[in-house]
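Participant: If you scroll down you'll find the structure; I have some questions about it.
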Amino acid sequence: MLQTAYSVRGTDLAETFRSTVGRMRVGPHGYVPDMTAPEGPSTGGGVQALQHLRLAPPQPSMPSLVVGHVNSRDGTAELRTLHYVDTMCRERFKQGAPLDPAQYTAFVNAAQAFLGACGMRVSMAGPPSELTERAQGESLYTVPKSGSTAAWVIGLVVMLGALGAAVYWLMLRP
């Protein structure tokens, strides 16, 4: 099937993301980082170029967590802070995000390195103020902080792999 340049670029970016950053597991449940690919052969000249970054659940009964988005047309990416993800989980599922803060930070660092190496301007987003106001008083994060060195080592290895893959991806780009 023929694809437009933006559609090809988005599909390639999603596949490269999955093969690098997607190898990480974000605990304690083992969420898998994923990036959606453009649907269909065209993005309407880049108008529909928005791709979502998410953490896919290891079990179908668990929620999928949207953790950001990428717009290859504009060259921008936005990642959500753990506070944002936690606030959204509390709003939608009435419970905190089932994520380990140290492992989420390692994931965000790897995703930032990958996206930055792909030429994206990456920003971090906190929760919208109306959600923060509603969620005040609730304790954050359902998983206690982990001082695990292994999480940082895994994050560093994945981040370096993501950086290498991103450089490779940039070299293949027209």
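Taken together, the values in this text are just the output of simple stated rules run on the coordinates, not laboratory data. On a predicted model such as this, the values are computed, not experimentally measured, just so you know. In this analysis, Cβ positions are derived from the backbone assuming ideal geometry, glycine residues included, and neighbour counts consider all displayed protein chains.
Participant: Compute the signed sum of charges (Lys and Arg +1, Asp and Glu -1) over the other residues within less than 12 Å, Cβ to Cβ, of VAL67. Spell out each step's value before the answer.
Facilitator: Numbers: positive: ARG54, ARG80; negative: ASP34, GLU78, ASP86.
Here the charged neighbours net out to -1.
Participant: Suppose the chain between ALA125 and LYS94 were pulled fully straight at 0.36 nm per residue; how much longer would it get relative to their current alpha carbon spacing?
Facilitator: Numbers: separation 31, 0.36 × 31 = 11.16 nm, distance 2.13 nm.
Length difference between fully extended and current span is 9.0 nm.
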